[in-house]
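> The following block contains the structure, expressed as structure tokens.
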Amino acid sequence: MAIQSLSEEQVQTWSREQKDRWWLANVFRGNMPQLTLRSAVTGFLLGGLLSATNLYVGAKTGWTLGVGLTSVILAFAAFRVMSAIGARDMTILENNASQSIATAAGYMTGPLISGMAAYMWVTNAAMPWHQMLLFNVVLSILGVLVAFPMKRRFINDEQQPFPEGRACGVVLDTLYTSAAAVGMFKAKVLMIAAGAAGFIQFISGDSYMKLIQEKWLGFAKAWYLPHNLDPLYAWLAKTNSEPRLAGVTFKQLALNPALDLAMIGAGGLMGIRSAGSMMIGMILNFVIIVPWMITAGNILPKSGTIAAGDAVFGRAHILNTWALWWGIVLMVTAAMVSLFAKPEIFVEAFKTLLGGKKKQQGADVLKDIELPLWISWVGIPIVGAISVWMAHDWFGVSWLYGALAIPLIIVLTLIAASSTGMTGITPTGSLSKIPQFAFGAADPKHPPTNLMTGVMCVEVASNASNLLMDIKPGYMLGGKPRHQAWGHCIGIIAGALASTPLFYLLFMQGYSPEKAATSATHVQDTMVTEQFSFPSALQWKGVSDLVTSIFGEGTGTLLTPSIITSMIIAGVVGLIMEIVRIKSKGKFPLSPLAIGLGVVVPPDSTLCMFAGALFFSWMHKRYKDKKESGGHRLWIDCHEPICAGIIAGAALIGIGDTLVKVFLLK
């Protein structure tokens with residue numbers, strides 16, 4: 001059936017009590033099963049798997065994927081199959097509860113690949129796993145407690161769209177009405193894409209192939225599908241014909257294209273504008289600017305000499321010694337301009353903070369199904385105090401700065417929720433700079449202060465905004481709000497339990513306290529590899545280093561004259577480009593934020609994302625007007641399921657290859 005909604009005039013003129021009474025009479029589905037044991041278990045398991053893929057993709061790109069639509073389709077297909085053998089089919093609200101749990105789990109990876117990773121790099125020590133897990137869980141629960149008082153304003157009263165949440169509601173309504181066959185087709189396409197990507201990832205996994213061919217079959221040497229151009233470069237080196245720029249080989253400049261299916265899928269979801277901008281940033285940095293700086297003597301090799309032909313550079317060395325800074329300034333400038341260019345977000349946020357509309361709201365007619373407000377009023381001070389204690393005892397943040405972070409959390413959450421409600425975009429990257437600069441200036445000689453207060457603010461704001469996004473489809477479909485609150489908490493636990501141990505298995509296997517004592521960058525060198533670049537963490541650490549350098553009376557060796565010049569140019573260019581993009585209402589074809597991301601993401605990942613975006617852009621142009629064709633049904637209607645399947649299949653098999661290496665080959 002069509003989803004019922006209020007008219008624009010009703011939204012503007014009715015009181016919240018009138019809106020709540022209308023919703024109760026026309027939309028609420030009463031006691032239809034929602035947060036049942038099977039929906040909780042389904043969401044828990046899906047959330048664990050999807051948080052693993054988010055961790056894998058996020059460590060490569062700095063980008064966390066929305067997993068709501070994927071979990072909706074997978075849960076729907078799983079229970080349709082089970083219903084064919086006698087199980088009772090899942091209700092629409094059970095499916096919604098599963099997607100809410102899975103989405104909450106998927107977003108738990110954000111701090112791990114950004115602020116927490118940067119904290120470990122700055123302190124050059126591994127964070128104990130229990131601290132990572134518990135701090136993440138406590139902050140996420142604080143996000144739930146902060147979100148529900150806002151829910152009554154943003155969703156019940158103002159009827160904000162929350163676009164991604166609304167899309168989930170529309171898809172669910174479609175699946176459970178006359179077009180259910182569409183859902184099964186999308187599920188089949190998703191599974192086929194995952195299977196194909198997983199198979200290719202499997203035969204290119206050197207650990208899988210060594211285990212099967214060398215250990216199990218006794219072969220002297222294992223064959224696997226080459227992942228990159230290393231064999232070609234090795235052959236060219238023997239023939240003295242390896243391509244070079246500024247006297248440096250392509251491989252030493254990190255120009256080593258690879259087959260990375262997860263990045264192809266990510267590019268398909270990202271779109272051609274962002275992926276194309278990343279491609280421009282990559283070419284500018286690694287093909288033009290870096291060779292120029294090498295020739296000028298501003299970037300020196302890690303070892304060897306260019307004249308002797310044995311110079312060693314590599315992507316990490318190029319970034320850390322020079323290129324990182326202009327990329328970070330470009331991203332930060334663009335993100336902050338974009339944020340402050342929407343004054344209505346701040347107006348709405350502070351209207352809420354100062355009491356909102358003066359219109360009489362009347363009785364609370366939903367008090368028996370909403371999460372009681374007293375839980376938030378009691379819980380926020382208690383959970384907030386626990387987070388401040390953790391920040392002080394575990395990470396050395398002073399009591400004062402930890403306590404000051406709590407009111408800032410409320411303000412930033414209001415800003416984030418306003419943005420998410422209107423645009424579907426949660427500006428966590430932009431918002432993180434506010435506490436980093438504020439607390440970094442106040443305590444510049446102790447970098448953990450700006451990093452961990454930033455984690456506190458951003459994790460709560462992100463979790464609260466994403467919870468409101470999850471509540472939107474439940475509100476559209478007539479679910480009980482408090483069930484979604486409990487479901488979100490289940491998802492928080494699922495995501496923490498899945499992502500925390502996986503973080504250490506994937507990224508910390510080479511860590512040694514003894515090596516950390518003798519190397520100032522051991523943890524960062526252990527985590528940042530050719531496979532995992534941690535662009536979000538690089539940005540967090542870059543801002544932290546910059547704040548320390550500016551306010552902390554540093555030695556001045558961090559920023560050389562050429563780096564400062566590049567930062568100034570990048571800041572001006574980012575400012576101009578973002579203003580032009582905003583003034584053109586998004587018609588300007590380039591994204592300065594994505595150009596900066598192309599600087600810090602490995603070139604091979606950028607190439608794969610561009611290839612994925614280009615392919616799906618071509619398919620959209622080819623079939624967009626052929627609505628009755630099989631091509632339209634496959635490449636346009638199933639665009640997101642195909643990309644999600646490619647990402648999930650490649651990421652899960654890629655994770656398995658690492659685990660085989662750790663547990664079965666060592």
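The values are calculated or read from the model by the stated rules, or taken from the named source; none is laboratory data. The shown structure was predicted, so the numbers you read here are calculated from the model rather than taken from an experiment. Glycine gets a Cβ as well: all are built from the backbone with ideal geometry, and neighbour counts include every protein chain shown.
> Taking the criterion of being within 23 Å of THR53 (Cα to Cα) and surrounded by fewer than 24 Cβ atoms within 10 Å (Cβ to Cβ), would at least one residue in the range 95-106 satisfy it?
no
> Only one of (1) in a helix (DSSP H, G or I); (2) under 27 Å from ILE653 (Cα atoms); (3) among the hydroxyl-bearing types (Ser, Thr, Tyr) fails for TYR224. Which number is that?
Against the list (1) in a helix (DSSP H, G or I); (2) under 27 Å from ILE653 (Cα atoms); (3) among the hydroxyl-bearing types (Ser, Thr, Tyr), TYR224 comes up short only on (1).
> Taking the range 238-256, which residues are surrounded by fewer than 15 Cβ atoms within 10 Å (Cβ to Cβ) and in a loop (DSSP other than H, G, I, E, B)?
Hits for the range 238-256 are THR239, ASN240, SER241, PRO243, GLY247.
> Please go through the range 69-94 and give me each residue that is crowded, with 24+ Cβ neighbours inside 10 Å and aromatic (Phe, Trp, Tyr), ordered by number.
Answer for the range 69-94, where residues must be crowded, with 24+ Cβ neighbours inside 10 Å and aromatic (Phe, Trp, Tyr): just PHE76.
> Is it true that ILE264 is closer than 25 Å to ALA644 by Cα and crowded, with 24+ Cβ neighbours inside 10 Å?
yes
> Checking the structure you have, find out if any residue of the range 228-245 is in contact with a Pro (Cβ under 7 Å, 6 or more places away or on another chain) and either closer than 14 Å to ALA650 by Cα or modelled with pLDDT of 90 or more (or both).
yes
> Can you tell me which residue among THR560, THR565 is free of Cβ contacts under 8 Å to residues at least 60 places away in the same chain and either surrounded by fewer than 17 Cβ atoms within 10 Å (Cβ to Cβ) or touching a Pro at 6+ places or on another chain (Cβ under 8 Å) (or both)?
That would be THR565, the only listed residue that is free of Cβ contacts under 8 Å to residues at least 60 places away in the same chain and either surrounded by fewer than 17 Cβ atoms within 10 Å (Cβ to Cβ) or touching a Pro at 6+ places or on another chain (Cβ under 8 Å) (or both).
> What's the number of the only condition in (1) touching a residue at least 12 places away in the same chain (Cβ under 8 Å); (2) crowded, with 16+ Cβ neighbours inside 10 Å that GLN213 fails to meet?
Among (1) touching a residue at least 12 places away in the same chain (Cβ under 8 Å); (2) crowded, with 16+ Cβ neighbours inside 10 Å, the lone unmet condition for GLN213 is (1).
> When you check MET116 against the structure, is it closer than 22 Å to THR453 by Cα, part of a helix (DSSP H, G or I) and not polar (S, T, N, Q), yes or no?
It is true that MET116 is closer than 22 Å to THR453 by Cα, part of a helix (DSSP H, G or I) and not polar (S, T, N, Q).
> Considering only the range 94-111, state which residues are farther than 30 Å from LYS541 by Cβ, touching a Ser or Thr at 6+ places or on another chain (Cβ under 8 Å) and not charged (D, E, K, R).
If the condition is that a residue be farther than 30 Å from LYS541 by Cβ, touching a Ser or Thr at 6+ places or on another chain (Cβ under 8 Å) and not charged (D, E, K, R), then ASN95, ALA97, SER98, GLN99, ILE101, ALA102 are the ones that fit.
> Still on this structure, please answer the following. Limited to the range 25-73, what total is found for residues that are in a helix (DSSP H, G or I), polar (S, T, N, Q) and modelled with pLDDT of 85 or more?
6
> A further question on this structure: Might you let me know whether the range 413-423 holds any residue that is more than 23 Å from CYS489 (Cα to Cα), assigned to a loop (DSSP other than H, G, I, E, B) and not small (Gly, Ala, Ser)?
The answer is no; no qualifying residue exists.
> For the range 77-92, give me each residue that is under 10 Å from ARG38 (Cβ atoms) and not in a helix (DSSP H, G or I).
If the condition is that a residue be under 10 Å from ARG38 (Cβ atoms) and not in a helix (DSSP H, G or I), then ALA87, ARG88, MET90 are the ones that fit.
> Of the residues ALA187, ALA147, ALA196, which is within 18 Å of ILE642 (Cβ to Cβ) and crowded, with 19+ Cβ neighbours inside 10 Å?
ALA187
> Examine the range 612-635 for a residue that is assigned to a helix (DSSP H, G or I) and either closer than 30 Å to PHE503 by Cβ or modelled with pLDDT under 85 (or both), and state whether such a residue exists.
yes
> So, one more: Looking for whichever is hydrophobic (A, V, I, L, M, F, W, C), modelled with pLDDT of 95 or more and under 23 Å from PHE148 (Cα atoms) here; the options are ALA405, ALA416, ALA385. Which one fits?
None of the other options fit; the residue is ALA385.
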